[in-house]
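Notes to accompany the following structure.
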Amino acid sequence: MTEAVLTAAAEQDDRVLPFTVEALDVRGRVVRLGPALDAILHRHGYPEPVARVLGEAAALTALLGTALKFEGRFQLQTKTDGPVEMVVVDFDAPDRLRAMARFDAERLGQAVASQQTSTAALLGAGYLGMTIDQGSHASRYQGVVPLDGADGLEAAAHRYFRQSEQIPTRLRLATARVVGSHGESWRAGGIMVQFLPTSPERQRQQDLDPGDDPNKSSLPERDPDGVADDAWAEARALIDTVEDHELVDPMLESERLIYRLFHERGARVFEQAPVREVCRCSRESVLAMLRKFSQAERREMVADDGKVKVTCEFCSQVQEFSPDDIESGAPQQP
């Protein structure tokens, strides 16, 4: 493998590539997470099953967050009764990503011993929430769908778009630990297509159901999204052929994957959107959070050395404050 090829492949990492297939009336996105995800997972030292779940959640969040057309925040959160009790991924538009997970180590060990390590099994039953926050000038939007312990993040995302957005959507997610010239590293990838017909014929076909028509057997079979359209059936079937290794292969460019799927129909790609691993836990923001507690609560936070110590669950950074820092509003320089 030449150095030029390796460099070109590396430039695909931590990027989301939008595309459209006009012949099928679908728009899509491909995400490839490399160093950004690797930094998050290695910083926390998550066990491999937890890392795989969080990698899928990060890929899904990047796919959706980079579609925001404003300077806002997109958050994905799960709260469930499985070994991985909570996953939170924040995306601050246009490109900042952070993620964390909470898990029960004992129950996780039992799941591994019994080989119940699929994303669905590790999450268990609960809910998946997606929140869009456009800032103080606009109301927040939140969509919530159940997780029943049998479906993973892919199926839950399909349900979310079907119920909350009413947009036919199909996606694939994958996470893997790969071995390269610099050792092992974590990677995640995802691809998503959405059916957004513009022609009146396809829009009518999407909306109408054959009902009790005795000839309905001759009409296109409706898929789980409730869409009777050959174009969407084709796009959906093509996405279902995508294998995990195609989403995480560092040598497979996003453009090449799109070409593999849609070269017969013709696809058009747009400018890639970068993704960076950045936490928002500035000293000022942590101080603002501490000042929201009562004086009695703040006194209880003081450790034996006279400091208040706060550890960020996202980046694991430990910040120290004196009581005077909090009371006076004059942050101590790190």
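The numbers here are math on the coordinates, done by the rules we state, and not lab data. All values reported here derive from a predicted model rather than from experimental measurement. Neighbour counts are summed over all protein chains in view; Cβ atoms, including those assigned to glycine, are modelled from backbone coordinates with ideal geometry.
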Practice task
Provide the gained length on full extension for the span residue 79 to residue 139, in nm with one decimal, where the gain is 0.36 nm per separating residue minus the Cα-Cα distance.
Solution key: 19.3 nm
Practice task
Give a residue-ordered list of calculated ³J(HN,Hα) values for segment 273-278 (Karplus: 6.51 cos²θ - 1.76 cosθ + 1.60, θ = phi - 60°; whole Hz; x for Gly, Pro).
Solution key: 9, x, 10, 10, 8, 9
Practice task
Round to a whole angstrom and tell me the spacing of the C-alpha centers of segment 41-89 and segment 286-321.
Solution key: 25
Handout entry: Cα gyration tensor, segment 69-164 - rounded (a/c under 1.5), prolate or oblate
Key = prolate
Handout entry: segment 229-273 and segment 158-178: distance between their alpha carbon centers, rounded to Å
Key = 15
Problem - Within-11-Å neighbourhood charge of residue 293 [Cβ basis; K, R +1; D, E -1] - result: +2
Practice task
May I ask you to compute the full-extension gain from residue 296 to residue 320, defined as 0.36 nm times their residue separation minus their alpha-carbon distance, rounded to one decimal in nm?
Solution key: 6.8 nm
Completion exercise
segment 283-328: relative contact order from alpha carbon pairs under 8 Å, six or more residues apart, as a whole percent, is 34
Completion exercise
Given unit charges at Cβ for Lys, Arg (+) and Asp, Glu (-), the dipole magnitude of segment 283-328 about its Cα centre in debye, nearest 20, is 140
